[in-house]
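Here, each number is a calculation from the coordinates, and none is a lab measurement. Being a predicted model, the structure only gives us computed values, none of them experimental. Virtual Cβ from ideal backbone geometry, glycine too; neighbours counted across all protein chains shown.
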Amino acid sequence: MSARPGDFTETIKKLLADRAGHECSMPYCRVRTVGPGAAATQTAKVGQASHIYSAGLNGPRGRGGLSDDQLADPSNGIWTCELHGKDVDNNKGDAFPAGLLRSWKELHEARVKRMSTGAPAERWVERVRFMRTPLFEPDSVLYLGKVTVIGGTNGAGKTAICEWVGAVRDKGLLDRWTGSLALHAINLEISFTSDKEHVLGMGIPVGGTARFTLDGAPQLAPPLAIDTVFLRERYLPPDAEDDLRGLAKFFSVDADTIRLVAEEVGASGNKRFRHMGFEPVPLDEGEPPESVIHEDGAPKMQLIVETYSPAERYPLSNFSGSVHTEVLLSMAIELAKFKSRSLPTLLLIEAAGWGFAKEVFRQVAGPIDECAKHCQVIIIEPHNRLDRTRMHEHEWVQYEIDMPPITRGLPRPPAKLKLQ
Ligand SMILES: [Zn+2]
């Protein structure tokens, strides 16, 4: 049979199979794709090299703008069992976007490497399973890519996802889901890899407090197994916006950490900011000395930001709102990078209409992709503001929360998490 342009050669198929350890790369499958055949001299093979972007003109996931040579390159292939080879191509591959397949391939190859060489595990949060929640269909699963975008209308449950996942670091995020006023039980599981594969469980009984488990064993507090940074700009009080203590509180870290993070933004080759650092607030003429001192006697420190073009140097509060957004995003990214050195880390961004809209996508996509080399990013954003085409180009995994219409007087119907 003659090969089409873009098809994999036998050599590349073997390469993909070997790199996958002859196992299906789907995280929930991993079936062995080779074994003994009927006769003592035979093997039975049930694996296949699947294309991430399609070799055909109108195939699953399209051609992704790749040339025939690029389509036939091993970087465009993922090793699967026969069943999942068919699955990933059903309905034009709608349920398996390229970004997700690529994440799974990398995850699986890292796992095989770890098993075969003892190499350190790639830190990765694979999925969140919502077994029981007041918002989503039972057993809804969110598979995380390097960057995962969750769109949905107001009230669809985007923020809830960030609060539940962010609770592994900060239990305070569960305030509206716990205690005597909470009417619903919540159970979810986060599957992740650090030294090996783990499952972190969180359960909240009706009217109770959150309980955590790690690999099934009950924990006294959220286990320090995954870390998160939660950026939600609208919760930053205006007077805290350039204050050292205010920013430390906003990012749920201590003041020394936030100092380091600010310095790192300038030092890390950020294209927008030459330098960031904290300096004592100067005393204006006629103001009482207490105005620049905290109640405990420590001087108030403000964030001084130095930009490249135009070259400016002011306290953050002197800059416009869009610069604030960029500063906070840059700090969140550096903090997440710091944290990802020791634990699998999720940067949760509640964009709330300010950051990922079509007009500014170009500006934020670069830093986000850079951050995703170190940790995973989850972005929530009102769906009508998302530039889905561009996000596909960046191979960001995209979900939409599909909420059925609410009938007055009836309980809220459960929403679906749908891959886009
Ligand atoms: Zn499979």
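When a footprinting reagent is the concern and you count Cβ atoms within 10 Å, what order do Ile304, Ile78 take, fewest first? Please list the in-between numbers first.
Values: Ile304 17, Ile78 27.
By the 10 Å Cβ count, ascending, the order reads Ile304, Ile78.
Just add up the charged neighbours of Phe338: K/R +1, D/E -1, any other residue whose Cβ is under 13 Å from the Cβ of Phe338.
Working: positive: Arg259, Lys337, Lys339, Arg341; negative: Asp227, Asp254, Asp256, Glu263, Glu264, Glu334.
Local net charge: -2.
Determine the alpha carbon to alpha carbon distance for each of Lys171/Lys337; Lys86/Lys196; Lys158/Lys300 and list only those over 31 Å.
Details: Lys171/Lys337 22 Å; Lys86/Lys196 29 Å; Lys158/Lys300 35 Å.
Cα-Cα > 31 Å for Lys158/Lys300; rest within.
For the stretch 10-117, what log10 I(q)/I(0) values come out of the Debye formula at q = 0.20, 0.22, 0.23 1/Å, with one point per alpha carbon and no solvent?
-1.02, -1.19, -1.27
Within the set of other residues whose C-beta is less than 12 Å from the C-beta of Gln398, count the net charge using Lys and Arg as +1 and Asp and Glu as -1.
Working: positive: Arg388, Arg390, Lys418; negative: Asp94, Glu381, Asp387, Glu393, Glu395, Glu400.
Surrounding charge for Gln398 is -3.
Cut-off is 10 Å between beta-carbons; in what order do Leu386, Leu316 appear when sorted fewest neighbours first? Before the final figure, lay out the partial values.
Values: Leu386 23, Leu316 19.
Least crowded to most crowded, the residues run Leu316, Leu386.
Find the centroid of the Cα atoms in the stretch 297-322 and in the stretch 240-269, then give the distance between the two in whole Å.
Answer, in whole Å: 13.
Stretched out fully, how many nm does the piece from Asp254 to Leu224 gain, at 0.36 nm a residue minus the Cα gap?
Answer, rounded to one decimal: 9.1 nm.
Run the paramagnetic zone check for Glu106: 7 angstrom along Cα to Cβ, then residues of the stretch 179-196 with backbone nitrogen under 19 Å.
191-196
Rounded, prolate or oblate: which fits the chain, taking a ≥ b ≥ c as square roots of the Cα gyration tensor eigenvalues, rounded meaning a/c under 1.5, else prolate when a/b beats b/c? Walk me through the numbers before you get to the answer.
Details: a/c = 1.98, a/b = 1.62, b/c = 1.23.
Prolate shape, in that a/c is at least 1.5 and a/b is the bigger ratio.
Out of the chymotrypsin sites (Phe, Trp or Tyr not before Pro) in the stretch 16-85, which ones are loop residues according to DSSP with at most 16 other C-beta atoms within 10 Å? Working shown, then result.
Working: sites: Tyr28, Tyr53, Trp79; in loops: Tyr28, Tyr53.
The qualifying sites are Tyr28.
Sum -39500 (n - 2.57) across every DSSP H segment of at least 4 residues in the chain, then divide by the residue count to get the 222 nm mean residue ellipticity, nearest 500.
Numbers: 10 runs with 106 residues, N = 420.
When only DSSP H runs of four or more count, the value is -7500 deg cm²/dmol.
Calculate the FRET efficiency for Leu214 and Met131 from the Cβ-Cβ distance with a Förster distance of 22 Å, rounded to the nearest 0.05.
Working: r = 17 Å, r/R0 = 0.75.
That gives a FRET efficiency of 0.85.
Compute the label zone of Ser322 within the stretch 373-387: residues whose backbone N is under 19 Å from the point 7 Å along Cα-to-Cβ.
Those under the cut-off are 385-387.
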